Amino acid sequence: MIIGIGVDMVDIARFERQLERTPKLRERLFTPAERHLSLQSLAARFAAKEAVAKALSAPAGMNWQHCQIGREASGVPYVVVTGTVADIAAAKGVRRWHLSLSHDGGWATAMVVAEG
């Protein structure tokens, strides 16, 4: 059963300006495992985290550090939730995440399906 769907797009140039204006933003939005990635990958991961929040109906109190976007050796992205995000997902009955990422033409896009 589908619990929720989320989609988000990020303008990569605008995202880069935000990171430059607010240096602590990278630390607030991304886990240590994510912070070293390219700008395009960070923008796609931010879009994915936003899409996860939308799939969960944008709950209050969600900590960005509690949602990490990983990548299998094959390149397939996946969602890892802990803490506040895991608690909200469990309360809604989410048992599995489906994620698709893309970045092209100056945009990063993510689509997430939360499955119960």
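Structure values in brief
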{"read-out": "Gaussian network model of the chain, Cα within-10 Å springs - most flexible of 61, 106, 75", "value": "75"}
{"read-out": "Candidates 76, 52, 85, ranked by Gaussian network fluctuation over the chain, Cα under 10 Å, top entry", "value": "76"}
{"read-out": "Inter-centroid distance (Cα atoms) of the stretch 84-116 relative to the stretch 1-53, Å", "value": "13"}
{"read-out": "Carbon + sulfur, % of accessible area of the chain - ligands and nucleic acids excluded, 1.4 Å", "value": "52"}
{"read-out": "Cut-off 14 Å between beta-carbons: net charge of the residues surrounding residue 56, Lys and Arg +1, Asp and Glu -1", "value": "+1"}
{"read-out": "Accessible area per residue in Å² at 1.4 Å probe, computed on the chain", "value": "55"}
{"read-out": "Neighbourhood net charge (13 Å Cβ-Cβ; Lys/Arg +1, Asp/Glu -1) for residue 35", "value": "+2"}
{"read-out": "Segment residue 102-residue 24, length gained on full extension (0.36 nm per residue, minus Cα span)", "value": "25.6 nm"}
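The values are calculated or read from the model by the stated rules, or taken from the named source; none is laboratory data. Just so it is clear, the structure is predicted and the values come from calculations on it, not from any experiment. Because the Cβ atoms are built from the backbone with ideal geometry, glycine has one as well, and the counts that use them run over all protein chains shown. Each accessible area value is taken on the protein alone, full model and side chains, heavy atoms only, with ligands, DNA and RNA left out. Shrake-Rupley method; radii C 1.70, N 1.55, O 1.52, S 1.80 Å.
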